[in-house]
1. Can you spot a residue in region 486-494 that is surrounded by 19 or more Cβ atoms within 10 Å (Cβ to Cβ), within 16 Å of the ligand (Cβ to nearest atom) and part of a loop (DSSP other than H, G, I, E, B)?
2. Given the residues L185, L209, L244, L221, which is the only one that is outside the structural domain of W419 (by the TED database) and closer than 28 Å to A358 by Cβ?
3. Can you pull out the residues in region 175-192 that are open to solvent by 10 Å² or more (accessible area, probe 1.4 Å) and more than 11 Å from the ligand (Cβ to nearest atom)?
4. What is the one condition in (1) part of a helix (DSSP H, G or I); (2) among the β-branched types (V, I, T); (3) surrounded by fewer than 24 Cβ atoms within 10 Å (Cβ to Cβ); (4) in contact with a Phe, Trp or Tyr (Cβ under 9 Å, 6 or more places away or on another chain) that T198 does not satisfy?
5. For a quick check of your reading: which helices (runs of 4 or more DSSP H) sit entirely within region 253-322 and have at least 2 residues that are in contact (Cβ under 8 Å) with a residue 60 or more places away in the chain, of a type outside the set (G, A, S) and closer than 30 Å to V9 by Cβ?
6. Take the residues in region 272-322 that are surrounded by fewer than 22 Cβ atoms within 10 Å (Cβ to Cβ) and among the charged types (D, E, K, R); name whichever of them is nearest to the ligand (Cβ to nearest atom).
7. Collect the residues in region 97-133 that are among the small types (G, A, S) and open to solvent by 30 Å² or more (accessible area, probe 1.4 Å), keeping them in residue-number order.
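The values are calculated or read from the model by the stated rules, or taken from the named source; none is laboratory data. Predicted model only: the values in this text are computed from it and were never measured. Neighbour counts are summed over all protein chains in view; Cβ atoms, including those assigned to glycine, are modelled from backbone coordinates with ideal geometry. Remember, those area values only see protein heavy atoms, side chains included, never the ligands or the DNA or RNA. Shrake-Rupley method; radii C 1.70, N 1.55, O 1.52, S 1.80 Å.
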Amino acid sequence: MPGGAVTLVGATNVDRVEAPVTIKAYLMCAFAAFGGIFFGYDSGYISGVMAMNYFIHEFQGLPYPPAGATEDQKKYFVLPSWKKSLITSILSAGTFFGALIAGDLADFIGRRLTIIGGCGIFIVGVILQTASASLGLLVAGRLIAGFGVGFVSAIIILYMSEIAPKKVRGAIVSGYQFCITIGLLLASCVDYGTQNRTDSGSYRIPIALQMLWAIILAFGLFFLPDSPRYYVKRGKIDVAASVLARVRGQPVDSEYIQQELAEIVANHEYELQVIPQGSYWNSWKQCFTGGLSTPSSNLRRTILGASLQMMQQWTGINFIFYFGTTFFKDLGTISNPFLISLITTLVNVCSTPVSFWAIEKVGRRPLLIWGAVGMFVCEFIVAIIGVTDGHNKDAIKAMISFICIYIFFFASTWGPGAWVVIGEIFPLPIRSRGVGIATASNWLWNCIIAVITPYMVGTDRGNLGARVFFIWGSLCVLCWIYAYLLIPETKGLTLEQVDRMMEETTPRTSSKWVPTTTFAAEMGLTDKGTLDPAIVEDVERKGSVGV
Ligand code: BGC
């Protein structure tokens, strides 16, 4: 409604820029985390499925092993590395493109509708996979499903970061990671339950079940409002006010809602002034502007988001979750590799809630720094045990224990931390694309690792065995240095304050930064304490023409 019809009371007090929140509002913000379930499930079920005899029989054209096959005979009953690599990685390839495109769509049709659309695409991909009995259809189905997962995984982070109250934003986004881990666990359980079936149900059941998560998420989102920051970007300040009131559980005319919205609007106007907008391509270009030496430049933020997700993948976590089952099978001495991978996923689930507390109390920066230390120590220990006494039963038990401790460190630090930080570091004009690029980077590296790992450890290829943990350990040392040098502290700040903090500090001094003024006060308050109507009008006008 251009014309400055909305009057907003602006805050001068930096502590008053966010409304108190009701339980119902918390639950609304937390629901979106459900999207993590099918992210986790989708990436998790494939490891178990590829080790299933019936699946190998169907997709490798091998005769079904006779009931009395010896362990030695069964050893040859494996998929070749190139097939494992293709089936696993094709999902991440689809997700990569999905995440990139999703950012555009989220600015155009809204965060909520983009996620719902992602669920629809995902369901189509799952139907194809369920129907498949040949590699071609399976691969096509995983590519399409991946596309849908890309939409969901990028935009959920954006949506949650934008609607969550600042005090619990980290914890709520960690809830998304928690759901990823539950998804991985569910996938292990379902694989475990169907692995011994002697029909195609062994792999079709785990695949088909995923539709349920997409249906629940899409259905639930129909009842939730879109992000108020999206409406501000589109210039619909009055709608932004009413959805903000809903997500905070406050009356629309309450001073808190007014002040929070005034801050979002004033910040957006400020950003539009420093980031001149233009054509479609120009707005993509904005993600890469500003010098490399300016920590708050868009280019630096985009690189930060993309590299943070790259480093998260470099921790090696998906080596465990994608290839855990086959890795333990190859070690030879483990009688039930499925059970071990069930245990590792369980450790993942149980450790993640630690981050709900730690991410707000300890902060993002220390969590990422110390998490990396914990991980590399464990990985080096696993590698050393593996090369010195790798086939002794007790040594393998020790390796598994340290892998579990390593998972604890990942799940309570880098797992949630990377997602939380990418939702916070971008200014509104480039936020959806920035989060999309960072998420795409997660999936790109996820894909690269999925492609190369079977070649590194496959008994028919590099056969690195436990030595592969020297590689993951060294990469975690890099994660540690990276976090120390580059991760800013964002806890307890509104997204608008994060924006300012990044302009005024360096990562290493960021935790001491406190806001001293509000955007509303800086951009202009009238005598009556309301935000200068010219600002509201300008944001409405630019948003209505898609700037
Ligand atoms: C990562 C995934 C990983 C999962 C494990 C996520 O944060 O992005 O690649 O599979 O954590 O819990």
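1. Within region 486-494, one or more residues are surrounded by 19 or more Cβ atoms within 10 Å (Cβ to Cβ), within 16 Å of the ligand (Cβ to nearest atom) and part of a loop (DSSP other than H, G, I, E, B).
2. L185
3. G175, L186, S188, C189, V190, Y192 - these are the residues of region 175-192 that are open to solvent by 10 Å² or more (accessible area, probe 1.4 Å) and more than 11 Å from the ligand (Cβ to nearest atom).
4. Just one mismatch for T198, condition (1).
5. Where helices (runs of 4 or more DSSP H) fall fully within region 253-322 and carry at least 2 residues being in contact (Cβ under 8 Å) with a residue 60 or more places away in the chain, of a type outside the set (G, A, S) and closer than 30 Å to V9 by Cβ, they are 255-274.
6. R300
7. G117, G120, A131, A133
Listed here are the residues, each with its yes/no results for (1) closer than 30 Å to L8 by Cα; (2) more than 18 Å from the chain's Cα centre (by Cα).
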{"residue": "A171", "(1), (2)": "yes, no"}
{"residue": "G175", "(1), (2)": "no, no"}
{"residue": "I182", "(1), (2)": "no, no"}
{"residue": "V190", "(1), (2)": "no, yes"}
{"residue": "T198", "(1), (2)": "no, yes"}
{"residue": "L212", "(1), (2)": "no, yes"}
{"residue": "V239", "(1), (2)": "yes, yes"}
